[in-house]
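Undergrad: Questions regarding the structure given below will be posed in turn.
The values are calculated or read from the model by the stated rules, or taken from the named source; none is laboratory data. None of these values were measured; they are calculated from a predicted model. Here Cβ is always computed from backbone atoms with ideal geometry, including for glycine, and neighbour counts include all displayed protein chains.
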């Protein structure tokens, strides 16, 4: 790759690392706020989402400049366009962390997660944090092998998600409709966060190798 | 704009119209299947999602070629990149239609929508269809003014979504947890479908005018 192009791409890549760290921290705080009904912390996450949106725009602008100035083709163009997709997935992960935080704010001072579901949500938030941590590492270390392993990690989240519905829909479910509706939506947010993390994993493979795995 | 570039962009634009028509039809069929517990129709929607994914890849490839061959800058580059974002939002709308269809398949032969919620979901599906119809027209007719009006149309969906939760969470809710969980998730799918439609509206403004409204 040409020198300048490579330097500017490195700056894009470093912005993606910053975004990944931010959306990891956002979900970590949103989960802590959810599990402890912490209004202040939840508010910090919803307030902080604007910062993630700014980071997204920074990546978007940098990639735009990169393409306009260097007019890359083939692999270089594919890498530049993939950086945009990775940024879009990361931005969405930030939104989902904010959704979790808003559920906490809505129900405060009552916890949005019923005690019966706290264990499952603790596991889902640990899983989300692990996926986000791997994205940060894969992006920072240009580690395509680590990124490729995200697919199987996502299975753990899917299993937790299925267990959540089993608990809520069992005849023994002791709580009302509201707790189940909250549980269903929160479960969906964590599941989607994991889906986007897996997408970012796919993008990292392209960013590192210049090849799109699915299309040969 | 240069001749060739313009021709190829017109082909991209026509692929976006095809995608928009497909995701409108997918949600229309998914809604009909949902409201009549029609297994065959729901299955057709889930099967058809692969076709929408193919259309997405066609747009992606065409835009890639467009940028690689013509090396656009400034407005032309912005338009090309926006076409990619529009395609991504449309692809996601197809996914959400498939989610609605899968809820129907999961509960069959029981309807996934309780009779108490059928009216609201009929209204949400009508709203989704209207938004999708406007996207088709705005894309086909290069109508930025119509696209700009999608923002306010989305308010109607948000109101229906809020009414849905009011009904399910009222003390008079006559049905169990399962019906409410289904209702909450289905409501979320329609709401997200509308959100993506609004995003496509924003993209159409850029596609037609070459200007990004939010950033001046």
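Undergrad: Restricting attention to region A:171-182, does a residue exist that is more than 27 Å from residue B:106 (Cβ to Cβ), surrounded by 21 or more Cβ atoms within 10 Å (Cβ to Cβ) and touching a residue at least 40 places away in the same chain (Cβ under 8 Å)?
TA: Checked region A:171-182: no residue is more than 27 Å from residue B:106 (Cβ to Cβ), surrounded by 21 or more Cβ atoms within 10 Å (Cβ to Cβ) and touching a residue at least 40 places away in the same chain (Cβ under 8 Å).
Undergrad: Quick one: which of B:89, B:95 is at pLDDT 95 or above and under 26 Å from residue A:76 (Cα atoms)?
TA: Working: B:95 fails: under 26 Å from residue A:76 (Cα atoms).
None of the other options fit; the residue is B:89.
Condition check ((1) buried (at least 16 other Cβ atoms within 10 Å of the Cβ); (2) in contact (Cβ under 8 Å) with a residue 12 or more places away in the chain; (3) more than 14 Å from chain B (Cβ to nearest Cβ)) across all residues:
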{"position": "A:133", "(1), (2), (3)": "no, yes, yes"}
{"position": "A:139", "(1), (2), (3)": "yes, yes, yes"}
{"position": "A:168", "(1), (2), (3)": "yes, yes, no"}
{"position": "A:187", "(1), (2), (3)": "yes, yes, no"}
{"position": "A:196", "(1), (2), (3)": "yes, yes, no"}
{"position": "A:199", "(1), (2), (3)": "yes, yes, no"}
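Undergrad: Look at region B:101-137 and say how many of its residues are over 17 Å from residue B:31 (Cβ atoms) and in a helix (DSSP H, G or I). Working first, answer last.
TA: Quick first cut of region B:101-137, residues over 17 Å from residue B:31 (Cβ atoms) only: B:109-110, B:116, B:137.
Now restrict to residues that are in a helix (DSSP H, G or I): B:116, B:137.
Final tally of qualifying residues: 2.
Undergrad: What do you reckon, is residue B:54 crowded, with 23+ Cβ neighbours inside 10 Å, at pLDDT 95 or above and more than 23 Å from residue B:202 (Cβ to Cβ)?
TA: no
Undergrad: Could you check how many residues of region A:49-97 are outside any helix (DSSP H, G or I) and either within 21 Å of residue B:212 (Cβ to Cβ) or away from chain B (no Cβ under 12 Å) (or both)?
TA: First pass over region A:49-97, keeping only residues outside any helix (DSSP H, G or I): A:71-73.
Applying the additional criterion that residues be either within 21 Å of residue B:212 (Cβ to Cβ) or away from chain B (no Cβ under 12 Å) (or both) yields A:71.
Selection size over region A:49-97: 1.
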